[in-house]
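The values are calculated or read from the model by the stated rules, or taken from the named source; none is laboratory data. All values derive from a computational prediction rather than experimental measurement. Don't worry about glycine lacking a Cβ; one is built from the backbone with ideal geometry, like all the others, and counts go over all protein chains shown. Accessible surface is based on the protein model in full, side chains and every heavy atom, while ligands, DNA and RNA are left aside. Shrake-Rupley method; radii C 1.70, N 1.55, O 1.52, S 1.80 Å.
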Amino acid sequence: MSLIEKIRARDGRVAVIGLGYVGLPLAVELARAGFKSVGIDVVDEKVRRVNAGDSYIKDVPSDVLADCVKSGRLTATSDFSVLNSCDTVNICVPTPLRKTRDPDISYIVSAVEEIKKYIHQDMLVVLESTTYPGTTEEVILPMLARDDFRVGEHFFLAFSPERVDPGNPRFNTKNIPKVVGGITPKCTEVASALYATSLTTVVPVSSAKVAETVKLLENTFRSVNIGLVNEIALMCNKMDIDVWEVIRAAATKPFGFMPFYPGPGLGGHCIPIDPFYLSWKAKLAGFEARFIELAGQINGSMPEYVVARVGEALNRRKKAVNGSRVLVVGVSYKANIDDIRESPALDVMRLLKRHGAEVVYHDRFANPDDPELEHAEASAIDINPKTLATVDCAVIITGHEGVDYQALLEHVPVVVDTRNVYAGVPSEKILRL
Ligand SMILES: NC(=O)c1ccc[n+]([C@@H]2O[C@H](COP(=O)([O-])OP(=O)(O)OC[C@H]3O[C@@H](n4cnc5c(N)ncnc54)[C@H](O)[C@@H]3O)[C@@H](O)[C@H]2O)c1
């Protein structure tokens, strides 16, 4: 049986390297499609929890994970030698930026070094980690191909960007269309066949490079539009115009406009980082990606602006930031999820501390033991009349559901609202973004 026939019959054994926000849902979908799915991670605790059917990713319910594990369709391991008996492997490891804002693809390289030890005839390798155009062809291909082991013939290699939006109730790994670009047309065909078994829509493109650029265009589009609307918000503030009302009305235009909303800055593993993968690669080709740099500057300056608003808010009460107790409401990078990576709340907390504030926070989603939060040296508090009575100013960074915003307004002298949670609420106590 050829690899593609095996895939279509869901007869193969599939592997996913990196069991995080992207890899775990994928390993589960492949298991649910009928494959024997194996997840590989270097963190033993994740391996243990997957094998115990105990999910640590909110979008993967533990009962769904446990069903896959109990039925023998999903296992996890830290031993890469299982790849010996796998027909396909998807790489879902992190792709951060270095301090210099250069891409750090060391996790990809280390995963591919392991694959190289066990790759065999008729194996499919797919990279899903977001990366710069050319990574699959220029970095991975030379690591795996040999004169007598050719891509498109002896093994197959493709890139397929992950578009998962953690916490989105409507779109998930299964029903978000999947773009696939192989090194050769046969690679695209084999990789598309794999995704067609478990995902609703597959969108083949002509090359891995195109697929890599698709993802970066999508995230650059968001970063630039958020940068634009943040600049409009700063402008509106100077001119005493309510930017939220402007956006609300503009969004009634049924064509040619898409609303983006201002906020305290970009967060998460994708939007603040991915555009710099593109600008870095463009620079190597002698091209300056000006929109990306400008959006990065504007979005990166938002935490400082928010802290300036806190200063204004306290000033109204004849107080200084120095010595005030400031409550940061919501520390994850977006509403109703626990992920605090790159969250602007961390910058806001750092800046407030630097100005001498005593910082406390409230977030029922975030894990208080997260090293980044521990590093911020702020303690968590509940929201109730007693705790709020000790607070001089609250600043809403993430508009989580289930927060008693009414109590905040009642018991805290002044509130900076960066998310418009008090839309339409007339109150002298509120300073909007
Ligand atoms: N989180 C998102 O919303 C999202 C959305 C789209 C794309 N992406 C991209 O997907 C990729 C993965 O992101 P994520 O959010 O799932 O990251 P994550 O940190 O949640 O998960 C990555 C996993 O890889 C493991 N890992 C690291 N090096 C490894 C190695 N050499 N071998 C095996 N396992 C290894 C880590 O232990 C971790 O469990 C990134 O490139 C990211 O940009 C993420």
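Scanning the range 224-251 for residues being in contact (Cβ under 8 Å) with a residue 24 or more places away in the chain and either open to solvent by 10 Å² or more (accessible area, probe 1.4 Å) or closer than 28 Å to Ile183 by Cβ (or both) gives a total of 11. Applying the set (1) at pLDDT 95 or above; (2) surrounded by 13 or more Cβ atoms within 10 Å (Cβ to Cβ); (3) of a type outside the set (Phe, Trp, Tyr); (4) closer than 29 Å to Glu231 by Cβ to Leu433 leaves exactly one unmet item: (1). Considering every residue within the range 236-243, establish whether at least one is polar (S, T, N, Q) and away from the ligand (no atom under 16 Å from the Cβ). Scanning the range 236-243 turns up at least one residue that is polar (S, T, N, Q) and away from the ligand (no atom under 16 Å from the Cβ).
When you go through Val43, Val47 one by one, which is the residue that is open to solvent by 10 Å² or more (accessible area, probe 1.4 Å), within 21 Å of the chain's Cα centre (by Cα) and at pLDDT 95 or above? Exactly one of Val43, Val47 is open to solvent by 10 Å² or more (accessible area, probe 1.4 Å), within 21 Å of the chain's Cα centre (by Cα) and at pLDDT 95 or above, namely Val43. For the range 234-278, a residue qualifies if it is of a type in the set (Phe, Trp, Tyr) and in a helix (DSSP H, G or I), and the qualifying residues are Trp244, Phe276, Tyr277.
When Glu162 is tested against (1) within 12 Å of the ligand (Cβ to nearest atom); (2) farther than 23 Å from Arg13 by Cα, just one condition goes unmet, and that condition is (2).
Would you check if Gly72 is on the phi > 0 side of the Ramachandran plot, of a type outside the set (Ser, Thr, Tyr) and out of contact with any helix residue (DSSP H, G or I) (no Cβ under 9 Å at 6 or more places or on another chain)? Criteria met by Gly72. Annotation: of all residues in the range 7-23 being open to solvent by less than 20 Å² (accessible area, probe 1.4 Å) and of a type in the set (Val, Ile, Thr), the one that is nearest to the ligand (Cβ to nearest atom) is Ile17. Could you check the range 100-135 and list, in sequence order, the residues that are of a type in the set (Ser, Thr, Tyr) and crowded, with 21+ Cβ neighbours inside 10 Å? Once the filter is applied, which keeps residues that are of a type in the set (Ser, Thr, Tyr) and crowded, with 21+ Cβ neighbours inside 10 Å, the range 100-135 yields Ser129, Thr130, Thr131, Tyr132, Thr135. Selection of the range 73-87 for residues being more than 16 Å from the ligand (Cβ to nearest atom) and open to solvent by less than 40 Å² (accessible area, probe 1.4 Å) yields only Asp87.
Let's see how each residue does on (1) assigned to a loop (DSSP other than H, G, I, E, B); (2) within 15 Å of the ligand (Cβ to nearest atom):
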{"site": "Glu5", "(1), (2)": "no, no"}
{"site": "Pro25", "(1), (2)": "no, yes"}
{"site": "Val28", "(1), (2)": "no, yes"}
{"site": "Gly39", "(1), (2)": "no, yes"}
{"site": "Lys46", "(1), (2)": "no, yes"}
{"site": "Val50", "(1), (2)": "no, yes"}
{"site": "Gly53", "(1), (2)": "yes, no"}
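Within the range 105-141, the residues that satisfy the criterion of being of a type outside the set (A, V, I, L, M), farther than 21 Å from Val164 by Cα and either within 9 Å of the ligand (Cβ to nearest atom) or without any contact (Cβ under 8 Å) to a residue 12 or more places away in the chain (or both) are Ser106, Ser110, Glu113, Glu114, Glu138. Of the residues making up the range 259-300, just one is within 15 Å of the chain's Cα centre (by Cα) and of a type in the set (Asp, Glu), namely Asp274. Taking residues in the range 75-93 that are on the phi < 0 side of the Ramachandran plot, and partners anywhere that are modelled with pLDDT under 95 and more than 15 Å from the ligand (Cβ to nearest atom), the pairs with Cβ atoms closer than 9 Å and at least 6 places apart or on different chains are Cys86/Gly12; Asp87/Asp11; Asp87/Gly12; Thr88/Gly12.
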